[in-house]
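Each remark here refers to the structure printed beneath this line.
The values are calculated or read from the model by the stated rules, or taken from the named source; none is laboratory data. What you see is a predicted model, and the numbers here were worked out from it, not measured in a lab. Using ideal geometry, Cβ is built from the backbone for each residue, glycine included, and neighbour counts are taken over all protein chains shown.
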Amino acid sequence: MRWAMLLMMVCGCEQLGAGRTAEVEQFVAGAFETARPSGAVGTAVYGKGIWYRSTVFSGECLEEKHIGHREQSGRQRSGRKVGAGIRISPKYENQNDWTHSTEDGYCVYLGEDLSMDIQKVTRMGSEWLVDVTYSIREAGTWWPCVKGATGEQLRVTESPDGGFQLVGDDNFLDNGSCPQPLTAPARSRAGGKAPRAPAKRAPKTADAAAVFGALNDALSEHDHEAALEQIACYNLFEEKPFGACSGGELLDVGPVSSAPNPRDGTPWTMNVFQDLTPIGPVKQDRNNPSWHHVRVKAASGKYKARHVTLQWVDDAWRVVGVVQRKAEGLTRIEFVNDLDRKAKREIFDRRMDGEKIGADGHPIDPLAEETEE
């Protein structure tokens, strides 16, 4: 008996337990089909803020392919517990593949229709080690940097009822709490010509309150596709700015709420105002007949009044949102832009005309990324 136990511990020979190898393979294949149904597939990253923990991605690959950043060990605070995996952050150009916010992080789109091949099953003590590889029918931008695609080892142990169970909760490329299949709408940044046709009548504060409320409700439900329908978005980093916003630019934007959710980002009101009933007045833009500026906060002391802009698009009022500065972490759409002010409007118009300047009006250094302070 002692020799049998020693043999199992030292060499992990398949002779001891080999009779259940086929059962283990069948169990793993069934678990994979349950965890990874056909369709869009994603993986989880954990954390909020600037850096996000991942057990799936190769940091070196992300940097080599200019997909994202990895936190260098020298920049980590001593003694900080970051958990398993590495800490990464997406580049703006690729954050449109970040499609969902969860309570503990985000979901990253990897592609369509993941499949798995079992390469080897080895009995080791009380566990079976199952070596698997993955392939994907249609790879997304982030897929080439998935470490597990070239090989992942799953651990299986016997369950109390005599069946099997997986050890750990990050198997099959760590799905976390991401939906499966991963619905991945609103990933496109295809823009078009900005409308300028005026509405039949000027908006009232009630019109502004209605579209503010619709946007807030969509953000409360974390429905980014519905939220984008309430936004006249101008992404100043795209060749055709109007409408060139993805759901990724809303991941770090949240609703005004009396009970914030861990999934929520910074309120879309940018904490400038909390009451979604605008105080007005509403004034028409001097140059764009489809724009009207709604005062949402009165001037106080040396501070100027603050304004949110509405635009008439497809026979409805929309809230003008602008992607105008890249951030460390997730770049977001901004809504309190004060485009009624001459200086801000001139910068906006110059950028719309293709001038390579930042939100402050200064030239953008092509060798450095502009970041939000």
**Message:** If a residue must be in contact (Cβ under 8 Å) with a residue 40 or more places away in the chain, over 10 Å from the mean Cα position of the chain (by Cα) and part of a strand (DSSP E or B), how many such residues does region 88-117 contain?
**Reply:** 8
**Prompt:** Hey, residue 300 hits all of (1) of a type in the set (S, T, N, Q); (2) surrounded by 15 or more Cβ atoms within 10 Å (Cβ to Cβ); (3) over 19 Å from residue 256 (Cβ atoms) but one; which does it fall short on?
**Reply:** (2)
**Request:** Kindly list the number of the only condition in (1) under 21 Å from residue 211 (Cβ atoms); (2) among the hydrophobic types (A, V, I, L, M, F, W, C); (3) more than 20 Å from the chain's Cα centre (by Cα) that fails for residue 259.
**Result:** (1)
**Fill in**
Residue hits (region 275-297; under 15 Å from residue 211 (Cα atoms) and outside any strand (DSSP E or B)) are 275, 276, 277, 278, 279, 280
**Prompt:** Which residue out of 212, 172, 242, 164 is crowded, with 21+ Cβ neighbours inside 10 Å, aromatic (Phe, Trp, Tyr) and either closer than 30 Å to residue 138 by Cα or outside the structural domain of residue 256 (by TED's automatic domain parsing) (or both)?
**Reply:** 172
**Prompt:** Taking the condition closer than 28 Å to residue 157 by Cα and at pLDDT 95 or above, does residue 131 pass?
**Reply:** yes
**Residue among 244, 218, 232, 227 that is part of a helix (DSSP H, G or I), more than 15 Å from the chain's Cα centre (by Cα) and of a type outside the set (Lys, Arg)** = 218
**Complete:** Being in contact with a Pro (Cβ under 7 Å, 6 or more places away or on another chain), closer than 30 Å to residue 134 by Cβ and either of a type outside the set (Phe, Trp, Tyr) or not assigned by TED's automatic domain parsing to the domain that holds residue 44 (or both) narrows 185, 181, 198 down to just 181
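Please work out if residue 207 is more than 27 Å from residue 359 (Cβ to Cβ), touching a Pro at 6+ places or on another chain (Cβ under 9 Å) and in a helix (DSSP H, G or I).
So residue 207 fails the test.
Is one or more of the residues making up region 165-172 in contact with a Gly (Cβ under 6 Å, 6 or more places away or on another chain) and modelled with pLDDT of 95 or more?
No, region 165-172 contains no residue that is in contact with a Gly (Cβ under 6 Å, 6 or more places away or on another chain) and modelled with pLDDT of 95 or more.
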